[in-house]
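Visitor: My questions will all concern the structure given below.
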Amino acid sequence: MSLEYTSSEMMSVTAARALENGMTCFVGIGLPSEAANLARLTHAPDVVLIYESGTLQTKPDILPLSIGDGELCESALTTVAVPEMFRYWLQGGKVDVGFLGTAQIDRFANLNTTLIGDYKAPKVRLPGGGGAPEIATNAGEVFITLKHSKRAFVKDVDFVTTLGFGRDGKGRDNVPNIGKGPTRVITDLCVMKPDPDSKELVVVSLHPGVSREDVIDATGWEIRFTEQLESTPEPSENELTILRELKARTERAHADA
Amino acid sequence: MSLEYTSSEMMSVTAARALENGMTCFVGIGLPSEAANLARLTHAPDVVLIYESGTLQTKPDILPLSIGDGELCESALTTVAVPEMFRYWLQGGKVDVGFLGTAQIDRFANLNTTLIGDYKAPKVRLPGGGGAPEIATNAGEVFITLKHSKRAFVKDVDFVTTLGFGRDGKGRDNVPNIGKGPTRVITDLCVMKPDPDSKELVVVSLHPGVSREDVIDATGWEIRFTEQLESTPEPSENELTILRELKARTERAHADA
Amino acid sequence: MAEFLSLHDAVARYVQDGATVAMEGFTHLIPFAAGHEVIRQKKRDLTLIRMTPDIIYDQMIGAGCAKKVIFSWGGNPGVGSLHRLRDAVEKGWPRKIEILEHSHAAMACAFEAGAAGLPLAVFRGYIGSELPSVNDQIKFIECPFTGERLAAVPSVRPDVSIIHAQRADRQGNVLVEGIVGVQKEAVLAAKHSIVTVEEIVDDLNAHPNACVIPGWAISAIAVAEKGALPSYTHGYYGRSNRFYKEWDAIARDRDSFTQWLDDNVYSAGENS
Amino acid sequence: MAEFLSLHDAVARYVQDGATVAMEGFTHLIPFAAGHEVIRQKKRDLTLIRMTPDIIYDQMIGAGCAKKVIFSWGGNPGVGSLHRLRDAVEKGWPRKIEILEHSHAAMACAFEAGAAGLPLAVFRGYIGSELPSVNDQIKFIECPFTGERLAAVPSVRPDVSIIHAQRADRQGNVLVEGIVGVQKEAVLAAKHSIVTVEEIVDDLNAHPNACVIPGWAISAIAVAEKGALPSYTHGYYGRSNRFYKEWDAIARDRDSFTQWLDDNVYSAGENS
């Protein structure tokens, strides 16, 4: 029996499944936060979630709107100052995986959250780097999740805010004390991984009902597909129920506040 | 009417009087701690005492034996980690005066708490620098208190653990972001201050009943006396009472523990 | 020693035109009441430092207080853009502003270094990022022990830092609790500091290792009840996520923003 | 994730001959029980790191565990010398040991840098001190922004750090309270870590900004009641100032020290 679900739900469930139980995850706000908490509420009850606001090992009952909602602190093991968070916990090597969103991503998984256009005369000014530049290099590895579109998936980002593998795919070569970088990108259409040699993103798994053409049309470069292309497993009923409850709780709480 | 008091009491009272109400004082253990707390319990109720164990604005009822006695934490405004203490509070420029003891001091107020003899084959191994090297340079100014003797007051220290004014008196010249250094040395015989030009220590005040010869005999270099040599005011009855009660309380508490 | 002043007097005394100002609070405890007072007093040419400009700097930028913003993430958290910041950067309204942007790690370390009295912060950062190509305040040094290349940025040392906190005691000692961000660092790094608090109490009732800033490390304390709204104060009131969402529409348009400012800041008293 | 082990097993597993070991606790929470276990297991050639060697390293040095000591203040606080440390340094008994000495500021910053994953600590220190002439690990760098000369030391990154704390919960999260010293930094800077605790509880009952070390950042937890004596545990028992004073006479003489060690460590069980 096939369940009804949206492509957004497919993305969140797939992103959640990327997290293994017991991993320590530095969580970005928005989609990564939704996925990470879904993981915690389903198959990975002991995943450790860290937010850059200083909240260590937090277990929010509702999704935070901001990276520093009170819920994060109240449900945390403890809350440390922000310099400590970046120095001891992230740079200190305690984070297994950094979970990031982005506005733009290119074929080498470089992320742009700074601006569209030219730096001196931007067409669109985006929020900026935030924690991402150092999350991407100091975490053991990086998961990225965002909606698939030609605007977002570009051949070359307008600005490398955050290193994937550099503009030539060699940005991490011979750099000491650096993480593995992006090991998977989860969208509402597919899952991508970097090619082991070139580091170019390659589709490894298509979500149910998504065609190669759908991905090609939504990607700004000539996207490649792995030879053993898989079909992403569907969400389970349990995952969908928990995700929907989480989102409903969240919506109620934010409407009230 | 003249009161009975010991030369140690004279030293402690004189050292205490050096602290002004409202000053922020980074306190060394032993004699400085005794003097600083006497100041707090007499003329300087709002003196702020900081110990390197991380205890900020502490008001111990008994003198600590160690720099980290429980009493210091229990009576503190708050207690911070030791790295924070040295980085934010001392190096951050929040300390008006560092109050230090020493094993050896020379004519330029350099302090040796490292060893007597040669570093590779010490005659006597002393405890080492502890907090003093950076207290002496990062605090606004430095008070030093110790008993006067030829062993302690030497022409040149065996080792400069902690900068006074350097081996030539010019050790602070043109150094950016450095405190004024030792502004007074209080012993059981007298008070000394550095000569404004040469920075050599000069006696500015003799304690009651102490002669120039007493000081000359207890000093390892040709000590000079200022032209307007003063007589140090005697301890008051109140100061002596409070000092004696403090020491009696302390002794009882340490005997019990 | 901290002086107890009205918010008006504290801002009038310590926030000078042209000053470098850090108003911190990491989502939590954002000093909105103080920001509004700065707007009301029509302070100009400020260099505004904040990791996350948030709505508070959006309002101050839109009101024309800023000539430069130093930041690391300039969005409306969970909602979208800061339209007043964007309008100033992209179109120069109400005036052209300069921006200098960092990563969070860089700014957090720069606040730490400022509190520590150092001229620079050293950290493992900016690897592969193009931010160093647009920010000449980012340099790299070589570790003399390992040869590793590490990032260096100047420490943050504002003329004045402003934060909001739960409470002060009558000696001016301040308790900050919950998400403490870089607030203590901001205060310690600054030449002067203003702390707005929910209330003054006899006893802070703090645990032994609480984040307490002693009164002698603060210039002025001003009571500002609900002074962090629409941000929140742990233990006092929650965040108005609703206002953060509403701000998007208010700030999107110059006229609706100006109207909001008139109604809610200029016409309002100190307690707005 | 922290494993709950007996103190014997934790030391046997993580303290290897030749290892670099930091046993921290700034006067407070000194892990004496663990030190005695290291002595009982006759660990050798250790490089011992501690800001204040205190009696704990005096005992371990006298027992022959150490080949090198890195420290910044080596006395019996308020009492006098560490006679076993001096005997080893001055006379080579029971073996010659190397020393590397720093100032407190340098070591505190080096622990901080170790926890922060950096190879070096930068601070304003050692100005005019002759310590750099006898410690080749002290270097100076120039600030690329101001030209100021600042001190640099390698970060502390021990093979294993051992601390004592008030309590752990059943997930291995640890609460440290009171004078917290550099203990958190020591644990985070180390490859492996052992935390001895007074007790295991269901709930740490910690305030929001308490010094809590998560279980996943710790290798092993061992219960050691009164494990800090003659040092103390805030909220549990006081410091035995009396023993610190008595130690002077015990340690002054090799025979009385050896006798003490036999009676109080070797013949004793794990709970001595």
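Rule-based calculations on the coordinates, nothing more; no lab input. Source: prediction; values computed, not measured. Note: ideal-geometry Cβ built from the backbone for every residue, glycine included; neighbour counts use all protein chains shown.
Visitor: If each residue's Cβ is checked for other Cβ atoms within 10 Å, how do A:V203, B:V27, C:V79, B:V142 rank with the fewest at the top? Don't skip to the end; give the middle numbers.
Guide: Details: A:V203 23, B:V27 31, C:V79 16, B:V142 27.
The fewest-first ordering by Cβ neighbours comes to C:V79, A:V203, B:V142, B:V27.
Visitor: So if I average 1/r over every pair of distinct C-alpha atoms in the stretch B:29-119 and take the inverse, what Kirkwood radius in Å does that give? Could the numbers behind the result be given before it?
Guide: Working: mean 1/r = 0.0697 Å⁻¹.
Its Kirkwood hydrodynamic radius stands at 14.3 Å.
Visitor: Over the stretch D:34-104, one equal point on each Cα, no solvent: what is log10 I(q)/I(0) by the Debye formula at q = 0.15, 0.23, 0.25, 0.26 Å⁻¹?
Guide: One equal scatterer on each Cα of the stretch D:34-104 leads to -0.40, -0.97, -1.14, -1.23.
Visitor: How big is the stretch B:7-256 in terms of Cα radius of gyration and Dmax, in angstroms?
Guide: Both quantities, over Cα of the stretch B:7-256: 17.4, 51 Å.
Visitor: Please compute, for peptide C:30-38, the average count of beta-carbon atoms on other protein chains lying within 10 Å of each residue's beta-carbon. Walk me through the numbers before you get to the answer.
Guide: On the way: counts 1, 0, 0, 0, 0, 0, 0, 0, 0.
Per residue, the average neighbour count from other chains is 0.
Visitor: Placing a label point 7 Å from Cα toward Cβ, how far apart in nm is B:A121 from its equivalents in the other copies, listed shortest first to one decimal?
Guide: Relative to the other copies, B:A121 has label-point distances of 7.8 nm.
Visitor: So which of C:K43/C:K226; A:K247/C:K245; D:K68/D:K91 end up more than 21 Å apart by C-alpha? Walk me through the numbers on the way to the answer.
Guide: Details: C:K43/C:K226 23 Å; A:K247/C:K245 17 Å; D:K68/D:K91 15 Å.
Beyond 21 Å between Cα atoms: C:K43/C:K226.
Visitor: Need the list of aspartates and glutamates near A:K120 for cross-linking: C-alpha distance under 12 angstrom, and skip anything on the same chain fewer than eight residues off.
Guide: Qualifying aspartates and glutamates at Cα under 12 Å: C:E90, C:E98.
Visitor: Let me ask you something else. Could you work out how far the C-alpha centroid of the stretch B:214-251 sits from that of the stretch C:242-271, in angstrom?
Guide: The stretch B:214-251 and the stretch C:242-271 have Cα centres spaced 66 Å from each other.
Visitor: When the Kirkwood hydrodynamic radius is evaluated over all pairs of different C-alpha atoms of the protein assembly as shown, what value in angstrom, to one decimal, is obtained? Write out the running numbers ahead of the final one.
Guide: Values: mean 1/r = 0.0329 Å⁻¹.
Computed over the protein assembly as shown, the radius equals 30.4 Å.
Visitor: Would you mind giving the mean number of other chain beta-carbons within 10 Å of the Cβ of each residue in C:93-102, as a whole number? Show your work: numbers first, answer last.
Guide: Working: counts 0, 0, 0, 0, 0, 0, 3, 0, 7, 4.
That average works out to 1.
Visitor: Sort D:W247, A:W221 so the one with the fewest other Cβ atoms within 10 Å of its own Cβ comes first. Don't skip to the answer; put the middle values down first.
Guide: Details: D:W247 24, A:W221 15.
Exposure proxy ranking, most exposed first: A:W221, D:W247.
Visitor: Oh, and also: Treating the point 7 Å from Cα along Cα-beta-carbon as the label, what are the nm separations from D:T146 to the other copies, to one decimal?
Guide: Listed shortest first, these distances are 2.6 nm.
Visitor: Could you name the lysines in cross-link range of A:K199, using Cα to Cα under 18 Å and dropping any fewer than eight places away on the same chain?
Guide: Those lysines meeting the cut-off are A:K155, A:K170, A:K180.
Visitor: Whose amide H sits under 5 Å from the amide H of B:A44, counting only residues 5 or more places off or on another chain, with H placed in the peptide plane?
Guide: Amide H neighbours of B:A44: none.
Visitor: Let me ask you something else. What does the structure give for D:209-222 when I average, per residue, the other chain Cβ atoms found within 10 Å of the residue Cβ?
Guide: 5
Visitor: Quick check on chain C: what are the equivalent-ellipsoid semi-axes from the Cα gyration tensor, as sqrt(5λ), descending, whole Å? Intermediate results must be reported in sequence, preceding the final value.
Guide: Working: eigenvalues 154, 126, 52 Å².
Each semi-axis is the square root of five times an eigenvalue, giving 28, 25, 16 Å.
Visitor: Can you compute the modelled spin-label distance between C:R95 and C:Y237, with each label point 7 Å from Cα toward Cβ, in nm?
Guide: Going by the 7 Å Cα→Cβ label model, 3.2 nm.
Visitor: Computed on alpha carbon atoms, what radius of gyration and Dmax characterise the stretch D:105-182, expressed in Å?
Guide: Rg then Dmax for the stretch D:105-182, in Å: 16.3, 51.
Visitor: List the residues whose amide H sits under 5 Å from the amide H of D:I221, counting only those 5 or more places along or on another chain, with H placed 1.01 Å from N in the peptide plane.
Guide: Correct list: D:E3, D:F4, D:L5, D:V195.
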